[in-house]
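Peer 1: Take this structure, written in structure tokens, and hold onto it; I'll ask about it next.
The values are calculated or read from the model by the stated rules, or taken from the named source; none is laboratory data. Everything numeric in this text was worked out from a predicted model, so none of it was measured. Heads up, the Cβs are rebuilt from the backbone with ideal geometry, glycines too, and the neighbour counts pull from every protein chain shown. Heads up: the accessible areas ignore ligands, DNA and RNA and are worked out on the full protein's heavy atoms, side chains in. Shrake-Rupley method; radii C 1.70, N 1.55, O 1.52, S 1.80 Å.
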Amino acid sequence: MFIIDVLPLTNLPRQESQILSYFYNSPLPQGSIISVSLRNKDIMAIVVESYPVNKAKSYLKKTHFSLKKINKIYTVESFVAPYFFDLINFTSEYYFENLSWVAKIFLPNNLKSLIQYLAKEKNIIVNLDHSDIASINLDDKQLIFPVSIYEKIKETIKKQQQILISAPTEQHLRFYYNHLKTIFPENLITPIYKSPRIKQFNKHWLQILRNQTKIILGLRSVFTYPFSNLGLIIILDSNNSLYKSWDQRPFYNTEVILKWLSNHLNIPILIQSDNLDKSLYEALNLPYKNQLIIPPQNKPQTEIIIHQYFKEKPNKRKYLSPLLLRSILQTIKKQEKSILFLNKKGWARSLICEDCGYIYQCKNCDIPLAFHKEDDNKNYLVCHRCGYKEKAPTVCGNCQSYKINMLGAGDERIAEELQGLSRQYNFRFRRLDSESKIDDIIQTIQEFNNKKIDIIIGTEIILKPQLEPSNLVGIVNIDDLFTFPDARQEEKIMRYLVKLKQLAKDKFIIQTVQKDNYLFQIIKNNDYDLFWKNELFYRNKYSWPPYSQIIKLTYKNKDINKCRKESAKLFNVLKSFLDKHSIYKNFFIVLNPAPSFIEKNKSYYQWNIIIKLKLNKPFFITKKELIIRNMLLNNVPSNWIIDVDPITML
């Protein structure tokens, strides 16, 4: 008789034991899938360990319950990666998440279907022919990375190892897949798109488990596939916010997990980034084991113009300045291309009554409704957070005044300004919207690259690898981004500027009302070292990342008073814990409870408590610091959201 320790694939409360013991008449390999009885339910579980009963006699005598027998055996062999248990343990501890829940999320939803497929295909062996890898000549290929990166991929394949390539969006995935198959044999490459069909998913899982594919490209959760012989990791477009899981616990960041995996397996990791990151690593002088930054390719010097532009009264203003318009028309005359960037959707950001000051707000969220124009005067107001929509008013709903002003401009308004000019100067333009289908976005970008479109207008949706550099790049309005009181907002703005500058071949125009802002001088002079010198000084002084780890605790309720009460209660609990354990007090800064920047979101009020865990070394959290942090977080009730390394503190 054998004791079988298992991890149930369900959401066990964190304070309860996550690994449970059952018995069976024979040992089971680690990673086997079984079903067990738990609270009168049949639950699937994964085997952690098997050992004879006689090794646990003293333990069994002390227990006040009898062990149950395993209900069913689904697999008698492991079908997870060899590092799976280390991976879920790290994720559970780092993100303070239930181990059982992490295991459930990191394993496929369609477990039974996958198990049946694996059993059916058990005896089918596919032998990959990659003998021609060594003979690949890169001299006649169009490369987008340094030659050393392709050589690293070739070297990894020769060793019969796998390459994991993580992409933040499907557009990135498609672009790099199409590129890599022009360099390497297509039968060695597997792209894993979002939500593959069950049959396709099962095929991918088996191929990766058996090392029958070598280059695997996937999105945020690609690391959950069972890589049996991983030899190289590549992160595309580092620092992209879409690497952070925001819609489902655990709220992990793929970059953090892949860097841990690289260190754990002692394999190289290549990080595609911009010169801003390269400068940061140099400023901190940190030894990054196995890590190599892939910087962008060098490009010709671009003329950068920081243009101070004051606009007229709200309903008469033009958002394209005479300077920017002249540059656009000059570019069109030369049969060249222009990109216009504005990170706001719609025609106007909000409506306000000039007489009484009434602002049209979303009924579910604490934000103004954006104004959108449609043909036949079917104008409407919409909330870009919850999707609430209503017909646009012609008179003020509060005082019946006709004096309604439209504040701020979105991409629709810029398109309207160009519409009037397009007939006069005979040019074609297209506006890209985040609600567009992926195929439509890629097709529009392709038409722009092929000069079938002269001007492309868009929000950050246009910042995709398919978009080729343009002769002119213009930022219509960047000043709105400075209004967000986030500790890392200036870094976010700099990343926008760096990406857009990289797209400008000849001229880069930034329209602003704050021409002397030091960020614009930094982008103009390529002085990223100065940026980090200033930024790191203040972050160190006030204990912001990378000198601390941020944990955001969020409480949501439809009753605002309940939010205030629960936030104050938890703040006092945390404060009392640190007072009681004064030895840990210097590790933390706990900020007072405060409403979120947008206090009401989708009918729920939100209040936050921000915890700063001071780090002994920038970016690196030690085992001791992690244990102390989790001791504090043990005081947080289960109805609070715990977000480690949040994208924003707002």
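Peer 1: Using +1 at the C-beta of Lys and Arg and -1 at the C-beta of Asp and Glu, which of Ile328, Gln489, Thr182 has the Cα lying farthest in the positive direction of the dipole of the chain?
Peer 2: The residue sitting farthest along the positive end of the dipole is Gln489.
Peer 1: Same structure again: If you take the beta carbon distance between Asn89 and Gln248 as r and set R0 to 25 Å, what does 1/(1 + (r/R0)^6) give as a FRET efficiency, to the nearest 0.05?
Peer 2: Details: r = 20 Å, r/R0 = 0.78.
The value I calculate is 0.80.
Peer 1: Something else now. May I ask for the net charge around Lys181, where only other residues with Cβ less than 15 Å from the Cβ of Lys181 are counted and Lys, Arg are +1 while Asp, Glu are -1?
Peer 2: Net charge around Lys181: +2.
Peer 1: Run down the aspartates and glutamates and flag those whose C-alpha is under 12 Å from the C-alpha of Lys154, throwing out any fewer than 8 positions away in its chain.
Peer 2: Straight-distance partners of Lys154: Asp132.
Peer 1: Loop sites only, by DSSP: take the GluC sites (Glu not before Pro) in the chain that have at most 13 other C-beta atoms within 10 Å and name the longest stretch containing none of them.
Peer 2: In short, 78-311.
Peer 1: Report the FRET efficiency, 1/(1 + (r/R0)^6), for Gln308 and Gln160, where r is their Cβ-Cβ distance and R0 is 56 Å, rounded to 0.05.
Peer 2: That pair, Gln308 with Gln160, gives E of 0.40.
Peer 1: With Kirkwood's inverse mean 1/r over C-alpha pairs for Rh, give me the Rg to Rh ratio of the chain, two decimals please.
Peer 2: Rg divided by Rh gives 0.99.
Peer 1: Please list, by residue number, every one of the chymotrypsin sites (Phe, Trp or Tyr not before Pro) in region 1-96 that is coil in DSSP and has at most 13 other beta-carbon atoms within 10 Å.
Peer 2: Phe65
Peer 1: Also, I was wondering about something else. What's the long-distance tail for region 137-181, i.e. % of Cα pairs beyond 12 Å?
Peer 2: Looking at region 137-181, the distances longer than 12 Å represent 68 percent of pairs.
Peer 1: Considering only protein heavy atoms, with the full assembly of protein chains and a 1.4 angstrom probe, order Lys154, Lys378 by accessible area, largest first. Show your work: numbers first, answer last.
Peer 2: Numbers: Lys154 10, Lys378 125 Å².
From most accessible down to least: Lys378, Lys154.
Peer 1: Out of region 397-473, which chymotrypsin sites (Phe, Trp or Tyr not before Pro) are coil in DSSP terms and have no more than 14 other C-beta atoms within 10 Å?
Peer 2: Numbers: sites: Tyr402, Tyr425, Phe427, Phe429, Phe448; in loops: Tyr402, Phe427.
Counting only loop positions with at most 14 other Cβ atoms within 10 Å, the chymotrypsin sites (Phe, Trp or Tyr not before Pro) in region 397-473 are Tyr402.
Peer 1: Considering only protein heavy atoms and a 1.4 Å probe, what is the carbon-and-sulfur percentage of the accessible area of region 69-206?
Peer 2: In region 69-206, the share of accessible area belonging to carbon and sulfur is 47 percent.
Peer 1: Unpartnered cysteines of the chain (Cβ-Cβ under 4.7 Å counts as a partner)?
Peer 2: By the Cβ distance rule, which asks for a partner under 4.7 Å, the isolated cysteines are Cys386, Cys563.
Peer 1: Once the piece of chain linking Lys112 and His581 is laid out straight, how much longer is it, given 0.36 nm per residue of separation minus the C-alpha distance between them?
Peer 2: Numbers: separation 469, 0.36 × 469 = 168.84 nm, distance 4.77 nm.
Length gained between Lys112 and His581: 164.1 nm.
Peer 1: Using alpha carbon centroids, what distance separates region 38-57 and region 180-237, in Å?
Peer 2: So the two Cα centres are separated by 32 Å.
Peer 1: Counting heavy atoms of the protein chains only and a 1.4 Å probe, report the per residue accessible area for the chain as a whole number of Å². Intermediate results must be reported in sequence, preceding the final value.
Peer 2: Values: 31690 Å² over 650 residues.
The answer is 49 Å² per residue.
Peer 1: Near Glu468, within a Cβ-to-Cβ distance under 11 Å, what is the net charge of the other residues, with Lys and Arg +1 and Asp and Glu -1? Mind showing how you got there, number by number?
Peer 2: Working: positive: Lys337, Lys451, Lys464, Lys505; negative: none.
Value of the local net charge: +4.
Peer 1: Kirkwood hydrodynamic radius (Cα pairs, Å) of region 157-227?
Peer 2: The Cα-based Kirkwood calculation yields 12.2 Å.
Peer 1: As an exercise, use a Förster radius of 25 Å and the Cβ-Cβ distance of Glu460 and Leu650 to find the FRET efficiency, rounded to the nearest 0.05.
Peer 2: Numbers: r = 18 Å, r/R0 = 0.70.
It comes out at approximately 0.90.
Peer 1: Which entries in Lys345/Lys389; Lys345/Lys600; Lys318/Lys373 show an alpha-carbon gap greater than 19 Å?
Peer 2: The pairs that break the limit, which is 19 Å between Cα atoms, are Lys345/Lys600.
Peer 1: If I take all pairs of Cα atoms in region 321-393, what percentage of them are more than 21 Å from each other? Each step should come with its number before you reach the end.
Peer 2: Numbers: 1213 of 2628 pairs.
Taking all Cα-Cα pairs of region 321-393, the fraction more than 21 Å apart is 46 percent.
Peer 1: Right, next: What does the extension gain come out to for Asp480 and Glu390, with contour length at 0.36 nm per residue minus their alpha carbon separation?
Peer 2: Full-extension gain reported as 29.9 nm.
Peer 1: Then there is this: Describe numerically, in nm with one decimal, the distance between label points set 7 Å from Cα along Cα→Cβ at Asp440 and at Asn178.
Peer 2: 1.9 nm
Peer 1: Could you give the length gained by full extension between Lys334 and Lys278, i.e. 0.36 nm per residue of separation minus their alpha carbon distance, to one decimal place? Please list the in-between numbers first.
Peer 2: Working: separation 56, 0.36 × 56 = 20.16 nm, distance 3.58 nm.
Using 0.36 nm per residue and subtracting the Cα-Cα distance, I get 16.6 nm.
Peer 1: I want the antiparallel fraction of DSSP beta bridges within the chain, as a percent rounded to 5.
Peer 2: So the antiparallel bridges amount to about 55 percent of the total.
Peer 1: Tell me the net charge near Pro168. Cut-off is 12 Å between Cβ atoms, Pro168 excluded, with +1 for each Lys or Arg and -1 for each Asp or Glu.
Peer 2: Overall, the nearby charge balance is 0.
Peer 1: Next question, about the same structure. Would you list which aspartates and glutamates come within 12 Å of Lys122, measuring only between C-alpha atoms, while excluding same-chain residues fewer than 8 positions from it?
Peer 2: Within the straight-line limit of under 12 Å, Lys122 reaches these aspartates and glutamates: Glu77.
Peer 1: Okay, helix-only estimate at 222 nm for the chain: each DSSP H run of n ≥ 4 adds -39500 (n - 2.57), divide by all residues, round to 500 deg cm²/dmol; what do you get? Please list the in-between numbers first.
Peer 2: Numbers: 17 runs with 200 residues, N = 650.
So the calculated ellipticity at 222 nm is -9500 deg cm²/dmol.
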